[in-house]
Amino acid sequence: MGIDLGERRVGVAVCDSAATVATPVATLARSGDPAQDLQAIADQADEWQAEIVVVGLPVSLDGSEGPAAEAARAEIARLGQHLKVPVVSYDERFTTVIAERSLMAQQMKGPRRRGVVDRVAAAVMLQSWIDAGMPRG
């Protein structure tokens, strides 16, 4: 299962059992309660019978980690303690841009696009992880 952590929304994507194709499946609205948000992600992992959760890490263009990456790492650590499956991070550079461009190419309008871009970005990130050989480190 792939997760795109955002300040307002969390995108969720899954892949087939052969780990060949990632598919966007859900966008979770942030509740303002970190424990509730963790549980919502755990519920998705249970629902989709995830064997591993891959969380996008917002790395800067030069590969450095800024405040957003630090916040993501903290949430990834909490997820690792809360979930029953392994949690790994993966570079999510350009995933939202790729997702936005894909949705615009489908002529999806702004409000509808905002509702699905996070799950599409999660799928782009998950597919990239799969294509990279599913690194665990």
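The values are calculated or read from the model by the stated rules, or taken from the named source; none is laboratory data. All figures in this text were calculated on a predicted structure; none of them were measured in a lab. Quick reminder, even Gly has a Cβ in these numbers, built from the backbone with ideal geometry, and neighbours come from all protein chains shown. These area figures cover heavy atoms from the full protein model, side chains too; ligands, DNA and RNA do not enter into them. Shrake-Rupley method; radii C 1.70, N 1.55, O 1.52, S 1.80 Å.
Might you work out the accessible area of Met134 for me, using a 1.4 Å probe with all protein chains in place, and round it to the nearest 10 Å²?
Around 80 Å² of this residue is reachable by solvent.
Per residue of segment 4-20, what does 6.51 cos²θ - 1.76 cosθ + 1.60 with θ = phi - 60° give for ³J(HN,Hα)? Whole Hz please, x for Gly and Pro, Karplus curve as stated.
My calculation for segment 4-20 gives 10, 7, x, 5, 9, 9, 10, x, 10, 9, 10, 10, 5, 5, 8, 6, 10 Hz in order.
I'd like the Kirkwood hydrodynamic radius of segment 1-52, using the inverse of the mean 1/r over distinct C-alpha pairs, in Å.
Evaluated over segment 1-52, this radius sits at 11.3 Å.
Would you mind getting me the FRET efficiency between Ala132 and Ala71? Use the beta-carbon distance for r and R0 = 22 Å, nearest 0.05.
According to the calculation, E is roughly 0.40.
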